[in-house]
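Enquirer: Can you read through this structure? Questions will come right after.
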Amino acid sequence: MIDGGEAIRKLALNLARYTGLAPLAKPFVGGIGAILMLHRVTATPEKPNGVNRHLNIAPGFLDALITDMKAEGYAFVSLDEAIERIARGGKSGQFATITADDAYRDNMTEALPVLEKHGAPITIYVAPGLIDGAADLWWDVIEDIVNARDRLTLPTPDGSVTIDCSTRGKKLQANARLHGWLTAEVREEDQRATLREFTRMNGIDLETRRPSTLMSWDEIRAMSGHGLVTIGAHTVNHLNLKRLSETDARHEIGDVRRILLEKLGQEPRHLAYPYGYVSAVGCREVGFARDAGYVSAVTTRHGVLRAEHAGFLHALPRISVNGRYQSVAHIRTMLSGVTTPLANAGKMVVTI
């Protein structure tokens, strides 16, 4: 099945590259630097053809990308230094900092050796609920459920609905339907219980499908002591903050600092909003992050950094480095800044 949106974005990237627009525009719109966003980094993904394969890049690609960016003049710095450079208006030259969401184990086993080779720091955003098992990597759970069955029963207010999962195309449709159900139709606070009831109804034991893809607390503690690694907060339970009450959203943003202090002996200075898109974070959530005392907070909005971001340190955009655009040329085009206004209705300074 062809993703029309992805095809259009790749066409735009190729047009900007082959017409020479990207390199010509970079001195004018390339900004002062970029925050790169990763999730998984592995050469051997468990489901190389799965619907969530876009979350993964190969270590070899990460190596090639850092090599290319260094050759282009980017300095790879810690997130703390990146914030200082933003405050100075990027006067020390273009820079990049690497971030990774969710604390996947391969960040340690496969990404870290690449980062050590280049002396490139990384900030890993941890959601304690995911590590403890109090919250689910529900997107992986859904994929496993759909792959395990040819037919599923979905409860709705109007009665049970049968979902056909009998073919590759039907499985893609089923994944999309269940994603929409959990993220839009089910209350955020009820997501975990609802997912468990759904698996029970369909004869699937969720407890036997505990993910082994995330780091343990011992591994996170070891990573936190590494000179290149900063541990940031990804809220307590990786919930969509915009769908929560003020009390619950403040708990998710604030209490994670206490939990990580207890677990790691150090309070996080930086936050990543779960999901980070328009329907997950807005002005209210940015205010909560500021109130909680974070030095910075990042979204998933696409964009390069500009000097003006010194006034928006709790709503910073990132460049997603993912399996859909696993091409050094594509990322180079994104870093030129030409895709920032294209992805954000003409905005050059992307916040929320």
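The values are calculated or read from the model by the stated rules, or taken from the named source; none is laboratory data. As the structure is a prediction and not an experimental result, all values here were calculated from the model. When we count neighbours, we look across all protein chains shown, and the Cβ atoms used for this are built from the backbone with ideal geometry, even at glycine. Only protein heavy atoms, including side chains, enter the accessible area calculation; ligands, DNA and RNA are left aside. Shrake-Rupley method; radii C 1.70, N 1.55, O 1.52, S 1.80 Å.
Enquirer: Which lysines, on any chain, are close to Lys171 with Cα under 19 Å apart, when same-chain ones fewer than 8 places away are left out?
Expert: Lys47
Enquirer: Still on this structure, I have one more. In nm, what is the difference between 0.36 nm times the number of residues separating Arg221 and Glu84 and their Cα-Cα distance?
Expert: Once the chain is fully extended between Arg221 and Glu84, it gains 46.7 nm.
Enquirer: Along the Cα-to-C-beta direction of Met201, a point sits 7 Å from the Cα; which residues of the stretch 167-185 have their amide N less than 17 Å from that point?
Expert: Only 174-185 fall inside the zone, counting backbone N under 17 Å.
Enquirer: Follow-up question, since we're still on this one. Using alpha carbons only, how many degrees (0 to 90, rounded to 10) separate the axis of helix 4-18 from the longest principal axis of the chain?
Expert: Between helix and principal axis, roughly 10 degrees.
Enquirer: Cα centroids of the stretch 28-75 and the stretch 296-352: how far apart, whole angstrom?
Expert: After rounding, the separation between the Cα centres reads 14 Å.
Enquirer: I need to check one value: relative contact order of the stretch 234-352, counting alpha carbon pairs closer than 8 Å and at least 6 residues apart, in percent.
Expert: Values: 187 pairs, mean separation 25.8, N = 119.
Once divided by the residue count of the stretch 234-352, the mean separation gives 22 percent.
Enquirer: Residues of the stretch 306-350 with amide nitrogen under 11 Å from the 7 Å Cα-to-Cβ point of Lys70?
Expert: none
Enquirer: So, with a 1.4 angstrom probe, what is the percent of accessible area on the chain that is carbon and sulfur?
Expert: About 54 percent, which is the carbon plus sulfur part of the accessible surface.
Enquirer: Quick one: order Ile352, Ile204 from most to least accessible surface, probe 1.4 Å.
Expert: Descending accessible area places them as Ile352, Ile204.
Enquirer: A follow-up question, please. Excluding ligands and nucleic acids, what accessible area in Å² is computed for Arg243 using a 1.4 Å probe, to the nearest 10?
Expert: My reading of the accessible area for Arg243 is about 70 Å².
Enquirer: When only C-alpha pairs under 8 Å and at least 6 residues apart count, what is the relative contact order of the chain, in percent?
Expert: Details: 618 pairs, mean separation 84.1, N = 352.
Once divided by the residue count of the chain, the mean separation gives 24 percent.
Enquirer: When the chain is modelled as a GNM with alpha-carbon springs shorter than 10 Å, which of Tyr275, Tyr294, Tyr18 fluctuates the most?
Expert: It is Tyr18.
Enquirer: List the lysines whose Cα lies under 22 Å from the Cα of Lys347, skipping any in the same chain that are fewer than 8 positions away.
Expert: Lys10, Lys26
Enquirer: Let me ask you something else. Using only helices, what value at 222 nm comes out for the chain when you add -39,500 (n - 2.57) per DSSP H run of length 4 or more and divide by the total residues, to the nearest 500 deg cm²/dmol?
Expert: The helix contribution divided over the chain gives -12000 deg cm²/dmol.
Enquirer: What residues from the stretch 231-246 fall in the zone where the backbone N is under 19 Å from a label point 7 Å along the Cα-to-C-beta line of Val161?
Expert: Counting only backbone N, you get no residues.
Enquirer: Read phi for every residue in the stretch 326-335 and hand back ³J(HN,Hα) as whole Hz from Karplus 6.51 cos²θ - 1.76 cosθ + 1.60, θ = phi - 60°, with x for Gly and Pro.
Expert: 7, 8, 4, 4, 5, 5, 4, 5, 4, 5
Enquirer: I've got another one for you. Show the residues, 5+ positions off or on another chain, whose built amide H is closer than 5 Å to the amide H of Phe76.
Expert: Residues meeting the amide H criterion: Ala96.
Enquirer: Using label points projected 7 Å from each Cα along Cα→Cβ, tell me how many nm separate Glu308 and Ser212, to one decimal.
Expert: 4.9
Enquirer: Can you tell me the 0 to 90 degree angle between the C-alpha axis of helix 138-148 and the longest principal axis of the chain, rounded to 10?
Expert: With both axes taken from Cα atoms, the answer is about 50 degrees.
Enquirer: Ok, one more. On full extension of the chain, what length is gained from Lys91 through Thr44, given 0.36 nm per residue of separation minus the C-alpha to C-alpha distance?
Expert: 12.9 nm is the gain from fully extending Lys91 to Thr44.
Enquirer: Under a cut-off of 14 Å between alpha-carbon atoms, report the aspartates and glutamates in cross-link reach of Lys70, not counting same-chain residues fewer than 8 places apart.
Expert: Qualifying aspartates and glutamates at Cα under 14 Å: none.
Enquirer: How tilted is helix 59-71 with respect to the longest principal axis of the chain? Cα atoms for both, answer in degrees (0 to 90, nearest 10).
Expert: The angle comes out at about 20 degrees.
Enquirer: Multiply the residue separation of Asp190 and Leu24 by 0.36 nm, subtract the distance between their alpha-carbon atoms, and state the gained length in nm to one decimal.
Expert: Here the answer is 54.8 nm.
Enquirer: Taking the Cβ of Val41 as the center, what net charge do the other residues with Cβ under 11 Å away carry, scoring Lys and Arg +1 and Asp and Glu -1?
Expert: -1
Enquirer: Report the relative contact order of the stretch 125-219, percent, no decimals, based on alpha-carbon pairs under 8 angstrom and at least 6 residues apart.
Expert: Relative contact order for the stretch 125-219 comes out at 27 percent.
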